[in-house]
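The values are calculated or read from the model by the stated rules, or taken from the named source; none is laboratory data. Just so we're clear, the structure is a prediction, and the values are computed from it rather than from any experiment. Note: ideal-geometry Cβ built from the backbone for every residue, glycine included; neighbour counts use all protein chains shown. These accessible areas exclude ligands, DNA and RNA; they are computed on the full protein's heavy atoms, side chains included. Shrake-Rupley method; radii C 1.70, N 1.55, O 1.52, S 1.80 Å.
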Amino acid sequence: MPQPRQARPAADAPTGLFIAFEGGEGAGKSTQVHRLAQWLREQDHEVVVTFEPGDTKLGRALREVLLHLEGPRPTPVAEALLFAADRAEHVARVVRPALAAGAVVLTDRFSDSSIAYQGGARRLGTARIAELASWATGGLRPDLTVLLDLPPRVGLARFATPHDRLESEPLQFHDRVRSSFLELAAADPAGHVVIDASAEVEQVAQAVRAAVEALLHDARQPL
Ligand SMILES: Nc1ncnc2c1ncn2[C@@H]1O[C@H](COP(=O)(O)OP(=O)(O)OP(=O)(O)O)[C@@H](O)[C@H]1O
Ligand SMILES: [Mg+2]
């Protein structure tokens, strides 16, 4: 069930905006996060770029366990809990402080990734993983989730060799990830924009900017 987004702060309080980039392997998340950050900075926005898993001290250790091809493979449930632990740290130590300071926070992956990978593709149940994510974030949800959508074989072909554990999963796994992402977007159309990520980088960047411009426009409107 989609939950209501958090109420906007009062007009004189810092009005940070929280934007998550989601999508499968090689969809262009990192590329587009950095392009958008540059564009927003050119317009004098304070921007914080961050990512999951791993953008905190504890998160770096969790990322090693979660993604490295060598080393112990966590069970699916342990994997889900480790991602949730990373997210709890990330929200408390990076995202919330930046939003409180009025920044536009761009995160490369967030809760939808766990729901799609662990809930959908690993079949742990999307409702259960959504609930876990909600606990980890204290209910914080992005103002906008940008879903970069493309067939998994196209995204995976953008890399010469798989470089992490999830990327190495079979194609059917990535097909389930894609379907789950699309279901999340369809269930919450006001909070998601789905962009065709098979287009050229600049074309994708333009679509992202259009969606974010609309969001910035709405954020400037009085309550
Ligand atoms: N629209 C595009 N068309 C073609 N190639 C692209 C496009 N966007 C990104 N790429 C290239 O595809 C590769 C993957 O892009 P990027 O690292 O941004 O994806 P990602 O979604 O962050 O991947 P990962 O899931 O591994 O973090 C890079 O080599 C990048 O230059
Ligand atoms: Mg990336």
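List of remarks:
- For Thr161, the conditions (1) touching a Lys or Arg at 6+ places or on another chain (Cβ under 9 Å); (2) over 26 Å from Val48 (Cβ atoms) are fulfilled apart from (1).
- Qualifying residue in region 187-197 (condition: buried (at least 16 other Cβ atoms within 10 Å of the Cβ), in a helix (DSSP H, G or I) and more than 16 Å from ligand 1 (Cβ to nearest atom)): yes
- Among the candidates Val33, Val49, the residue that is open to solvent by 20 Å² or more (accessible area, probe 1.4 Å), at pLDDT 95 or above and within 13 Å of ligand 1 (Cβ to nearest atom) is uniquely Val49.
- Long-range neighbours under 6 Å by Cβ, at least six apart or interchain, first residue more than 20 Å from Arg63 (Cβ to Cβ) and open to solvent by 40 Å² or more (accessible area, probe 1.4 Å) within region 93-109, second among the acidic types (Asp, Glu) and away from ligand 1 (no atom under 16 Å from the Cβ): none
- Number of the exception - Gly54 against (1) at positive phi; (2) part of a strand (DSSP E or B): (2)
- The residue pairs whose first member lies in region 32-59 and is more than 25 Å from Ala136 (Cβ to Cβ), whose second member is charged (D, E, K, R), and whose beta carbons are closer than 7 Å, counting only pairs six or more residues apart or on different chains, are Trp39/Arg209.
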